[in-house]
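The values are calculated or read from the model by the stated rules, or taken from the named source; none is laboratory data. Keep in mind that what you see is a predicted model, and the values were worked out from it rather than measured. Quick reminder, even Gly has a Cβ in these numbers, built from the backbone with ideal geometry, and neighbours come from all protein chains shown.
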Amino acid sequence: MSQQTLTILLFTLLSLTSSPATCLYSSPSPPTAPFSESTPHTDPEPRAEEWLPAHATHYAATDAVGGACGYGDLLNGGYGMATAALSEALFGRGQICGACFEVRCREEDSDFDRRWCISGTTVAVTATNFCAPNYGSDAESVAGHCNPPKQHLVLPIEAFEKIAIWKTGTGNMPVEYRRIKCAREGGIRFTITGSGIFISVLISNVAGIGDIAAVKVKGSRTGWLPMGRNWGQNWHINALLQNQPLSFEVTSSDGITLTSYNVAPKDWSFGQSFEGKQFES
């Protein structure tokens, strides 16, 4: 091997051993944009809810107390007679409680129905009750009008007469309905009942989409505690929360969460009602 070749080989070996491993570079990635600079997402314009076919019957209400949603006295609760009981296909085991619907008579169904419809009128009602199915009767019979899979609403006569003329034999009317936003006065109402460590909270007077999907409660000495749906819009938890101001986190069925801090004062007691923040109508 010549002297010149040995010199070149030695120089190459010295260059490799003197270069650190970090000298090997790859093309750098583009810098990540800060979170605050992320591209804003623009939602499309919300489309109006479709009108869906159903039937409606009425009842002569002498009072407005009770119901499967647990609201109690509907007049004092702010719901009045603009309410509805829903068939099993709509009620959803109480999840729908508090939701609002616009209802109108379905005029195009037949000449007979058009004769009893009040054209161009609608009525807005809140879901407050359950129309129980009658499995002893066929779904197509009059007695089985709330049987699955029927979409059926039972309205107080005061609400029914705003969209149709009541006559004997016209009680089971073809109608159309759609979900609408609820308009309420004041804030969400939290009514606390129970005893000891069992705490039940009725959530009422809810605006926006109206029905509640999840609730959490927090005392001054606890973190956020998830509550379970007892029935209707009554939510419960087993926890010792007395002598603590209570805060509530309410999530509606459209995914919006509203937090009301220190709604109930430290000296709250069972049977009291308190008012928190409100969803946008």
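Brief remarks on what is shown
- Against the numbered list (1) touching a residue at least 24 places away in the same chain (Cβ under 8 Å); (2) assigned to a loop (DSSP other than H, G, I, E, B), Gly136 comes up short only at (1).
- Subset of region 187-197 that is out of contact with any strand residue (DSSP E or B) (no Cβ under 6 Å at 6 or more places or on another chain) and surrounded by fewer than 20 Cβ atoms within 10 Å (Cβ to Cβ) - its residue that is nearest to Ile96 (Cα to Cα): Ser195
- Region 155-183: number of residues that are of a type in the set (Lys, Arg) and modelled with pLDDT under 95: 2
- Filter pass, Trp231 being at pLDDT below 95, more than 30 Å from Thr121 (Cα to Cα) and under 15 Å from the mean Cα position of the chain (by Cα): yes
Matching residues to (1) within 11 Å of the chain's Cα centre (by Cα); (2) in the same structural domain as Ala68 (by TED's automatic domain parsing); (3) modelled with pLDDT under 95; (4) surrounded by 15 or more Cβ atoms within 10 Å (Cβ to Cβ):
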| position | (1), (2), (3), (4) |
| --- | --- |
| Gly210 | yes, no, no, yes |
| Lys216 | no, no, no, yes |
| Gly223 | no, no, no, no |
| Met227 | no, no, no, yes |
| Ile237 | no, no, no, yes |
| Phe248 | no, no, no, yes |
| Ser252 | yes, no, no, yes |
| Ile256 | yes, no, no, no |
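- Selected residue [within 21 Å of Gly80 (Cβ to Cβ) and outside the structural domain of Ser247 (by TED's automatic domain parsing)] from Ile203, Ile163: Ile163
- Any hit, region 133-144, residues being crowded, with 18+ Cβ neighbours inside 10 Å and either of a type in the set (S, T, N, Q) or touching a strand residue (DSSP E or B) at 6+ places or on another chain (Cβ under 7 Å) (or both): no
- Within region 183-202, considering residues that are in a strand (DSSP E or B) and aliphatic (A, V, I, L, M), the one farthest from Ser260 (Cα to Cα): Ile199
- Number of positions in region 154-182 that are in a loop (DSSP other than H, G, I, E, B) and closer than 21 Å to Glu50 by Cβ: 2
- Some residue of region 168-181 being in the same structural domain as Glu140 (by TED's automatic domain parsing), free of Cβ contacts under 8 Å to residues at least 24 places away in the same chain and either surrounded by fewer than 20 Cβ atoms within 10 Å (Cβ to Cβ) or more than 19 Å from Thr128 (Cα to Cα) (or both): yes
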